[in-house]
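Structure first, then comments.
The values are calculated or read from the model by the stated rules, or taken from the named source; none is laboratory data. Source: prediction; values computed, not measured. Here the Cβ positions follow ideal geometry from the backbone for every residue, glycine too, while neighbour counts run over all protein chains shown.
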Amino acid sequence: MALQKRQVWCNEWGPEINKEDYRGVWVYIETDEGGVHEASLQLLSKGRELADKLETYLAGVIIGYNVEQYSNEPIYYGADKTIVVDDPQFKVYYAEAHAKALAYLARKYKPEIILLPATMRGREVAPYTGGTLKTGITADCTGFDIDPKTRDLIQIRPPYGAWMLAHIKTPRHRPQLATARPNVFDVPPRDETRTGEIIKEKIEEIKTHKVKLLETIKIEKEEEIPLEKADVIIAGGKGIGTKEGFKLIEELAQELNGVVAGTRKAVDAGWIPYERQIGQTGKSVKPKLYIAIGISGASQHVFGIREAKRVVAINNDPDAPIFQHADYGIVADYKDIVPILIELIRKRKQEKQ
Amino acid sequence: MPLKIVVPIKWIPNTSSVNIDPETGTLIRTNVPSVINPPDLNALELALQLKDKYGGTVTAITMAPPNAILALEHAIGMGADKGILITDRVFAGADTLATSYTLAKAVEKIGDFDLVITGQETLDSSTAHIAGQMASWLNLPFMYYVTEAEYNEENKTLIVKRLLEDKYEKYELPLPAVISAAMKTNKPRHVRLIHKIRAKVEKPIITWTNQDLQLKPECIGLKGSPTIVTKIEFMGIVPRKREIIDGKTPEEIAEKLLEKLIEEKLVEL
């Protein structure tokens, strides 16, 4: 309570709202040429739980062009209703237009919570929406709960320093906005027998700045298992020393049906792309097996592997902190151990055949 | 028309040098040096490249305690023309909405600007909120994750290339605008002595307090922040076996490890 007293309403931003006017949980459903984005569906499972605790409804909100075809999707995945805005003005994606449309809908329907996926687009739309509505926003949450006394959303995220989770509330402002990290929550089961209300919203042309899309260049990427879903992860750090060194990591990953990852230093050195970074500023993972090679074990990295079932560390420095965070440690130069390990695995596989 | 660019930056503890005490599970934070938030260096570099190409000025601003003047000095050392330190106890404890509001008001006070370039996110809190929120306060067009920018002087627009998960996009934005520079996509220039010497003479860093901005206390700092941290939950370190696998030869060690992994069904061969 003392905490809430510290806040004073800023009238410059608009008159104080009445929290009781706001009901309902919304999930912003991101779509593109490929259909509905999985990260949005993941939020429907958490959204369902929050709506049930609040004894209110859960809605998916779809904004775009030619998107009416997806209207049933949020409902199949647990929503009570879908609010869909299908309009040629959204033919070209522009964050300001989406944010302003979402803010318009929020002013009209007054939901108490809006969750967005922390995808690149979601992270672009959310802060502008929050700024337009003059409400608080929390980024990259990994957990949510409800304070039953106040109906406040408890937004849980790792703050600086790792090993801690901050619980954040928006006690006086509505709606409460948050983005959530992809692949933290599971996609709920799809049930095509579920039915719900579909609200087709018409929005007059939203006034945005005249931004023109000139060109789109697809990046051809191999379909890789997302780190967050991998059972086996082989990760390298500064100790790998060279980009060539990472080839050994890749080879080992291939033999174990694993995925390659690395530390911030490995990313900074350009040995692996940023999407493969594990740690506080990268991703948190939950594999069965995590093999850390040439990784010293800075807390910001180890933070990301808390939920690994078993951690193996290979490092030539016996004092490296990683050994304190590993189940099995090998004190050796990785160049001496990893090729032999690969050889051994290959031999075992052949013997089995 | 030369480009007048404002770059908001942040002075943060160097996260990669923080370690955890395995026995107590507490953070070892002694002598953690502070640095400019690394993605802000990419923003400064993008701004300076534009200035090199089209002329104009780059002004670095930061809302922070007085010691963050070091961040502004670094920016000036890279080639920024001016620095504004926005510092006042009443700004302390601000969340992203209150921070972006204060920064937006500072940019309005600067007045004559064409472009605001922020870093993609800060490494100490990773919200990526400030650019979007500033754009909404200033009612300007905005674009995240920009890797390259070109100025079209004739139309007074900016052509930006930006990087998403699976594609590059090229957009044309009317100026003034707010953009965020994609992380790690350019090589920030080093601090040069000549700029430092110039700074000694020109004294390009000024300080603004709330006397200068005249913002209502209930709209800034902790008081003006809609979000509050209500609890910090310490997660504790995960208990691990901490078993060292030893052996006379690498072969023996590798064999022992593989046995364990197979036994525990962690790998399938």
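Quick rundown of the values:
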{"quantity": "Filter result for A:Glu12 (in contact with a helix residue (DSSP H, G or I) (Cβ under 6 Å, 6 or more places away or on another chain) and under 21 Å from A:Ile206 (Cα atoms))", "calculated": "no"}
{"quantity": "Subset of the range A:161-188 [in a loop (DSSP other than H, G, I, E, B) and either small (Gly, Ala, Ser) or without any contact (Cβ under 8 Å) to a residue 12 or more places away in the chain (or both)]", "calculated": "A:Gly161, A:Ala162"}
{"quantity": "Any pair with Cβ under 6 angstrom, 6 or more apart, that starts in the range B:45-71 at a residue that is touching a residue at least 60 places away in the same chain (Cβ under 8 Å) and ends at one that is among the aromatic types (Phe, Trp, Tyr)", "calculated": "B:Tyr54/B:Tyr151; B:Ala71/B:Trp11"}
{"quantity": "Test: residue in the range B:181-189 that is away from every other protein chain (no Cβ under 14 Å), within 19 Å of B:Ile117 (Cβ to Cβ) and under 22 Å from the mean Cα position of the chain (by Cα)", "calculated": "yes"}
{"quantity": "Unique match (being within 12 Å of chain A (Cβ to nearest Cβ) and modelled with pLDDT under 95) among B:Glu172, B:Glu233", "calculated": "B:Glu233"}
{"quantity": "Filter result for the condition that a residue is away from chain A (no Cβ under 13 Å), crowded, with 22+ Cβ neighbours inside 10 Å, closer than 26 Å to B:Ile12 by Cα and over 16 Å from the mean Cα position of the chain (by Cα), over B:Leu115, B:Leu193", "calculated": "B:Leu115"}
{"quantity": "Scope the range A:179-226; condition touching a Cys at 6+ places or on another chain (Cβ under 9 Å) and at pLDDT below 95; matching residues", "calculated": "A:Arg181, A:Val184"}
{"quantity": "Identity of the residue in the range B:149-164, buried (at least 18 other Cβ atoms within 10 Å of the Cβ) and free of Cβ contacts under 8 Å to residues at least 24 places away in the same chain, that ends up nearest to the other protein chains (Cβ to nearest Cβ)", "calculated": "B:Leu164"}
{"quantity": "Evaluation of A:Ala139 against (1) in contact with a strand residue (DSSP E or B) (Cβ under 8 Å, 6 or more places away or on another chain); (2) among the small types (Gly, Ala, Ser); (3) not in a strand (DSSP E or B) (one fails), failing number", "calculated": "(3)"}
{"quantity": "Single condition A:Val302 does not satisfy, out of (1) farther than 30 Å from B:Thr157 by Cβ; (2) out of contact with any Leu (no Cβ under 9 Å at 6 or more places or on another chain); (3) surrounded by fewer than 22 Cβ atoms within 10 Å (Cβ to Cβ)", "calculated": "(3)"}
